[in-house]
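Quick notes on the structure that follows.
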Amino acid sequence: MAGFGVSNEGFNLKGFDIILGEGVDRALQMFGPNIDLTPSSPLLKLLEVTSAEDAELWKRMEDLYYSNFVSTALGDNLDLLGEDVGLAR
């Protein structure tokens, strides 16, 4: 799946593995093939931490997208959608 974010089928989540892979690819492009990306390298550790943060942001974007539809909204978001059409829960 090449497209992430909002599509005709809904929201396509970009997961941690994809985000980390893109970061590793970017590091290789910027620093060359001799850069240390072994499991204990500081650069890989930084990429893992930032990728985890980015993955959490993607999850929040997915939640935000689905909170706009009655069929997928939860909690307070569902209450707000109901109020828009005059229905209280």
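Every read-out reported here was derived from the displayed coordinates using simple, explicitly stated rules and does not represent laboratory data. The structure displayed is predicted, hence computed values, not measured ones. Note: ideal-geometry Cβ built from the backbone for every residue, glycine included; neighbour counts use all protein chains shown.
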(message) Net charge within 11 Å of Glu22 by Cβ-Cβ distance, Lys/Arg positive one each and Asp/Glu negative one each, not counting Glu22 itself?
(response) -1
(request) Loop only per DSSP, at most 10 neighbouring Cβ atoms within 10 Å: give me the GluC sites (Glu not before Pro) in the stretch 1-56, ordered by residue number. (result) Glu9
(request) Note the angle between two axes, namely the Cα long axis of helix 42-66 and the longest principal axis of the Cα atoms of the chain, as a number of degrees from 0 to 90, rounded to the nearest 10. (result) 20
(message) With +1 assigned to the C-beta of every Lys and Arg and -1 to the C-beta of every Asp and Glu, and no other charges, what is the dipole magnitude of the chain about the Cα centre in debye, to the nearest 20?
(response) 180
(request) Among Phe11, Phe31, Phe69, determine the one that fluctuates most according to a GNM of the chain built with springs between C-alpha atoms less than 10 Å apart. (result) Phe31
